[in-house]
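Just below is one structure, and these are the notes that go with it.
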Amino acid sequence: MTKQYNIKYKEWLKDSRDMNIITIFTPTYNRANLIQRVYECLLNQTDKRFVWILVNDGSKDNSDEVAEEILEKNELPILFISKSNGGKHSAFEVAFNEVRTEYFMCMDDDDIYSPKAVATYLGEWDYIKQENKFEKIGAIRTITQEEDGTIVSRKPFNKSFLGTRIDQTTLESNYIKHEYFENWTCYRTGALHSVDLFPKHYWMHDQHKFFSEGIWQGRFARKYQCRYYFVVLREYRHDTETSIIRGHKSRQHYVDMFINTKMILDEHLDYIKKSPSHFIQDVAIVSILRHKLGISLKELLKNTKSVLLKCCFVLAIPLAYLARNPKISK
């Protein structure tokens, strides 16, 4: 792993007076053609109170060269890290270890961001402080739209929500209210530090490459509320073929899906039970993938504490054998 700091970043570190700003983290993998686009989104921010950490997660294209050209321009404080491929969660962890600011957020390289994003988040954090809710709220979540302006959500979005605020946990939003908005989140760094984001030892950890954000967001929700602020600051783009998350559905993809869904069931069971459709869906995913991946039922039950889940996994055996999809390569 290599680290390169431009002059502005070194000066900011040396000065270290203004930490009440945002560290923006961008992971990239074989997306050299998009690094410039996200960089321009940052250049266009109306509020420059941020530093940028760009992590190349083992790309095989010319991402290093593109990043180094940007570093040389010295227009923004930038730390560039180039590492071997390990998935988005490993890039997140590497970047988070470098954070010295009060706030932290991820800006993916394949979307478009409002020029007012940084100003909006910092302004909202100031507002939260004025409300005396700073210790209670660990993150601010805004919403995302498609290129045609449609709000990205699993159900139709009520536009009367625009501009409103709701303080709640992610678990409440997902499993009780069934909202499932595509959020863009700015975290309070101190709150993130208080949560075990990426455990090292758990069942099948040595086969796990993509650690779902849903797992550690659930852990985060056990301690902190989020401020759901219904303003649009991000726009989805679908003009990309490669991604740290998206891409070809390889065997590894399904291994990760199995492990992530099983961990979410284990850790969020008290909330998932309140959403029967979600509970049934997750049990079905684990059961079908267990069979398709050649994992024994005995091993699954051995690594399941909940009696309810054990019973459900046994009852789902016929479903696992009858399911035709997904077809997983060996």
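The values are calculated or read from the model by the stated rules, or taken from the named source; none is laboratory data. Small disclaimer: the values here were computed from a predicted structure and weren't measured. With ideal geometry, Cβ positions are generated from the backbone for all residues, glycine too; neighbour counts draw on all protein chains shown. In case anyone asks, the SASA skips ligands and DNA or RNA and just uses the protein heavy atoms, side chains included. Shrake-Rupley method; radii C 1.70, N 1.55, O 1.52, S 1.80 Å.
Where is the GNM fluctuation largest for the chain (alpha-carbon springs, 10 angstrom cutoff): 107, 263, 204?
Highest fluctuation among the options: 204.
Using a 1.4 Å probe, how large is the accessible area of residue 11, given in Å² and rounded to the nearest 10?
110
If you place +1 on the Cβ of every Lys and Arg, -1 on the Cβ of every Asp and Glu, and leave all else neutral, what size is the dipole of region 181-330 about its Cα centre, to the nearest 20 Debye? Spell out each step's value before the answer.
Details: 24 positive and 13 negative charges, 71 e Å.
Using Cβ point charges on Lys, Arg, Asp and Glu, region 181-330 gives about 340 debye.
Just to make sure I understand: if all protein chains stay in place, what is the order of 140, 285 by accessible area at 1.4 Å, largest first?
Details: 140 0, 285 45 Å².
The most accessible residue leads, giving 285, 140.
Taking the Cα centre of the chain as the origin, how large is its charge dipole in debye, to the nearest 20, when only Lys and Arg (+1) and Asp and Glu (-1) carry charge on their Cβ atoms?
On the way: 48 positive and 43 negative charges, 309 e Å.
Rounded to the nearest 20 debye, it is 1480 debye.
Do the sum for the chain: with -39,500 (n - 2.57) for every DSSP H run of n ≥ 4, divided by all residues, what is the mean residue ellipticity at 222 nm, to the nearest 500 deg cm²/dmol?
On the way: 12 runs with 130 residues, N = 330.
The per-residue figure over the chain is -12000 deg cm²/dmol.
Please work out how much accessible surface residue 29 shows to a 1.4 Å probe, ignoring ligands, DNA and RNA, in Å² rounded to 10.
Accessible surface of residue 29 is approximately 50 Å².
Report in % the part of the accessible area of the chain that belongs to carbon and sulfur, leaving out ligands and nucleic acids; probe 1.4 Å. Show your work: numbers first, answer last.
Numbers: 8030 of 15760 Å².
Summing carbon and sulfur atoms, their accessible area is 51 percent of the total for the chain.
Out of all DSSP beta bridges with both ends in the chain, state the antiparallel percent to the nearest 5. The partial results should precede the final answer.
On the way: 20 of 44 bridges.
Around 45 percent of the beta bridges assigned by DSSP in the chain are antiparallel ones.
Have a look at the DSSP beta bridges in region 1-113 and tell me what percent are antiparallel, nearest 5. Show your work: numbers first, answer last.
Numbers: 4 of 21 bridges.
Around 20 percent antiparallel, to the nearest 5.
Determine the alpha carbon to alpha carbon distance for each of 116/249; 83/249; 3/88 and list only those over 26 Å. Don't jump to the answer; show the numbers that get you there.
Details: 116/249 36 Å; 83/249 23 Å; 3/88 18 Å.
Over 26 Å Cα-Cα: 116/249.
Taking a virtual spin label 7 Å from the Cα of residue 315 along the C-beta vector, which residues in region 258-283 bring their backbone nitrogen under 18 Å of it?
Hits in region 258-283 for residue 315 at 18 Å: 265-266, 269-283.
So which helices of the chain fit the span-like rule, where a helix is a whole DSSP H run, its Cα atoms reach 15 Å or more along the axis, and its mean Kyte-Doolittle is at least -0.5?
Numbers: long enough: 32-43 (17 Å, 0.68); 63-73 (16 Å, -0.72); 117-130 (20 Å, -0.21); 251-272 (30 Å, -0.33); 276-293 (25 Å, 0.51).
Membrane-span-like by this rule: 32-43, 117-130, 251-272, 276-293.
Enumerate the calculated ³J(HN,Hα) couplings along region 76-82 in order (Karplus 6.51 cos²θ - 1.76 cosθ + 1.60, θ = phi - 60°), each rounded to whole Hz, writing x wherever the residue is Gly or Pro.
9, x, 10, 10, 10, 10, 10
Expressed as a rounded percentage, what relative contact order does region 19-102 have, with Cα pairs under 8 Å and six or more residues apart? Don't skip to the answer; put the middle values down first.
On the way: 122 pairs, mean separation 33.9, N = 84.
Normalised by residue count, the contact order of region 19-102 is 40 percent.
Can you find, among 150, 236, 254, the residue farthest towards the positive end of the dipole of the chain? Put +1 on the C-beta of Lys and Arg, -1 on that of Asp and Glu.
Towards the positive end, the residue furthest out is 254.
Heavy-atom accessible area per residue, the chain, 1.4 Å probe: how many Å²?
Numbers: 15760 Å² over 330 residues.
Averaged over the residues of the chain, the accessible area is 48 Å².
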